[in-house]
1. Do you know which residues across the range 138-156 are polar (S, T, N, Q) and modelled with pLDDT of 95 or more?
2. Considering only residues that are over 24 Å from Glu181 (Cβ atoms), part of a loop (DSSP other than H, G, I, E, B) and open to solvent by 100 Å² or more (accessible area, probe 1.4 Å), which ones fall in the range 117-154?
3. Go through the range 200-257 and report how many residues are over 36 Å from the mean Cα position of the chain (by Cα), buried (at least 20 other Cβ atoms within 10 Å of the Cβ) and assigned to a loop (DSSP other than H, G, I, E, B).
4. Tally the residues that are of a type in the set (Lys, Arg) and at pLDDT below 95, restricting the search to the range 238-257.
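The values are calculated or read from the model by the stated rules, or taken from the named source; none is laboratory data. Not measured: the values here are computed from a predicted model. In this analysis, Cβ positions are derived from the backbone assuming ideal geometry, glycine residues included, and neighbour counts consider all displayed protein chains. Note: accessible area is taken over every heavy atom of the protein model, side chains too, but ligands, DNA and RNA are not part of it. Shrake-Rupley method; radii C 1.70, N 1.55, O 1.52, S 1.80 Å.
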Amino acid sequence: MTNYIGEQLERNCRQCNAPLYSVYCQEQGYCLHCLDKGVPGKTYMQDSREGSNMVNQAICRGCAGPLTSLASKERQLCFRCLSTLQAEPQPERDMTQEEWQQAAAKIVSLRDGMGQAIKEARMQEQPRPSWDEYYLTIATDVAARASCPAGHVGAVIVSAENVIIMTGYNGSPTGITHCTELGCSWVSRTGSDGSERSYARHVHAEANAIARAARVGVRLNASTLYVTQEPCPDCLKLCLQAGIRVIVAGTVKDRNWWHEAVDICNNASVVLRERQ
């Protein structure tokens, strides 16, 4: 290989046999690293062409090109030759005891920091919901479909394998105008403790879920009913007749009826309980 005036150029450093990337190094026959270490008769201050002072002329000491930036002039190397110098392999050396200690301290610090971050992330994680919370949350979402102005109730029937069988909410029967459009229709019913009002148009959530299951031919034997509030006496009887074996109530509004309902279910070998 020759330069632009026909001089023979070296391909590898004469001292360390490293490849020579720049024209200046090829003319000198040595890599920049060896020139930095010191080679007899070779310095950065003099160009291979006699009488040329590279520093005073603000030219690169690697390729003799012009230096345009202040940083290049301070290093006396253009950016191309500087990147070449950084890419050349550096001699390996053993780490000192102090460097080993600093590296070990950094590793310990990183490990402790990651452990603390993982611990904080786990503390912020929401606990996994129980089956009661899971299905009662679904029942609450189902209740949003209710069309009864007096209150929204939702029910979910689940098989023994924890598979949702049917859902239901309180509202008017199929084909009848909703109470939200016509208002509630009341009828009087006399009980042992006096007169009591009850809805005449709407169907309760539990009854709706059981009726829909019967309509499509789904058996409810040994199933579990999740309902957002305790079932009324009529719905409780329907649950017992449908073969439901566990009834879970999200809330209990009438404690007197609740205690009586628990006794009825115990007599029928059916579990009636609040959410756990």
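1. Within the range 138-156, just Thr140 meets the criteria.
2. Glu125, Gln126, Pro127, Arg128
3. The number of residues fulfilling the criteria is 6.
4. So the count comes out to 2.
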